[in-house]
Amino acid sequence: MIRLQILRHYSPKLLEANQAYSFINFASISSFFEQTPGTVTYFCDGMLMSAFMSRVTGRTIGRVSFDFTSIADAVLGSAEQQGKRVYFVGARQAELELFISKIKALYPQLTIAGYHNGYFDAAQAERIQADICHSEANILIVGLGAGRQEQFEHDAFRAGFRGVAFTCGGFIRQEAMATRSYYPAVINHLHMRAFYRMYREPHTIKRYLIDYPSNFLHLLTLIVQRKVAISVGE
């Protein structure tokens with residue numbers, strides 16, 4: 001049986017946890033079926049997933065994403081205020097450096113413990129995880145794509161990381177590309193983020209039009225057959 005742990009909403013107290021968090025939607029859930037470590041707890045990323053999980057569990061589960069339309073500012077702003085050290089992993093080197101420059105401008109007092117691009121092999125991953133531990137980072141933010149980023153979180157904890165880890169999907173690359181915020185205010189207000197992303201990033205069209213429906217049916221079938229056990233936390 002597959003066990004899926006979901007949180008209803010984000011709380012600042014999670015920054016004190018020694019825990020790995022990620023974000024699941026009807027595109028990324030396929031990687032969860034295949035290989036996700038059981039040590040990761042999830043938020044519902046996207047209105048469709050939050051609505052579906054709310055109906056299935058009978059409890060209201062909010063949409064939570066790691067971007068500036070959701071919890072990114074809360075996490076980074078709290079880290080700045082509390083003197084927590086943040087380590088970033090993801091994107092191409094040029095994109096990552098642009099992103100780091102923007103983060104330094106937005107959060108001038110934030111302590112960046114380190115950062116590394118998202119292109120590395122298994123041996124390099126071990127060295128990066130060792131560097132994360134040696135950096136004394138309190139918060140790890142990983143954007144490597146569904147499946148790989150959760151595995152990296154899991155391995156970082158096994159290597160000795162003691163803090164809180166969040167995956168962030170394409171957040172680092174998106175913010176590096178954006179002149180201001182990635183999603184215009186009207187797009188965010190109308191909850192049309194998926195359509196806007198298909199416009200900005202055509203490679204996501206398959207994800208929304210093909211992967212979403214097929215994975216929805218797969219998940220629904222597993223729930224009906226009781227092959228998925230969902231636990232809901234605060």
Looking at region 174-183, can you tell me whether even one residue there is more than 18 Å from the chain's Cα centre (by Cα), under 23 Å from PHE88 (Cβ atoms) and charged (D, E, K, R)? yes
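Taking GLY83, is it surrounded by fewer than 17 Cβ atoms within 10 Å (Cβ to Cβ) and either at pLDDT 95 or above or in contact with an Asp or Glu (Cβ under 9 Å, 6 or more places away or on another chain) (or both)?
yes
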If TYR208 meets every condition in (1) in a helix (DSSP H, G or I); (2) under 30 Å from SER78 (Cβ atoms); (3) among the aromatic types (Phe, Trp, Tyr) apart from one, which number is that one? (2)
Given the conditions (1) modelled with pLDDT under 95; (2) more than 17 Å from the chain's Cα centre (by Cα); (3) within 23 Å of VAL75 (Cα to Cα); (4) of a type in the set (A, V, I, L, M), and given that ALA146 satisfies all but one, which numbered condition is not satisfied? (2)
Pair list, Cβ < 8 Å and 6+ apart or interchain, from region 104-129 residues that are under 21 Å from ASP155 (Cβ atoms) to residues that are surrounded by fewer than 15 Cβ atoms within 10 Å (Cβ to Cβ) and among the charged types (D, E, K, R): ALA113/GLU136; ASN117/ARG92; GLY118/ARG92; TYR119/ARG92
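Condition check ((1) within 30 Å of ALA122 (Cα to Cα); (2) part of a loop (DSSP other than H, G, I, E, B)) across all residues:
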| position | (1), (2) |
| --- | --- |
| ALA146 | yes, yes |
| ASP155 | yes, no |
| GLU175 | yes, no |
| TYR183 | no, yes |
| SER231 | no, no |
Does region 205-218 include one or more residues that are surrounded by 19 or more Cβ atoms within 10 Å (Cβ to Cβ) and without any contact (Cβ under 8 Å) to a residue 60 or more places away in the chain? no
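The values are calculated or read from the model by the stated rules, or taken from the named source; none is laboratory data. None of these values were measured; they are calculated from a predicted model. Methodologically, a virtual Cβ is constructed for each residue, glycine included, from the backbone with ideal geometry; neighbour enumeration extends over all protein chains shown.
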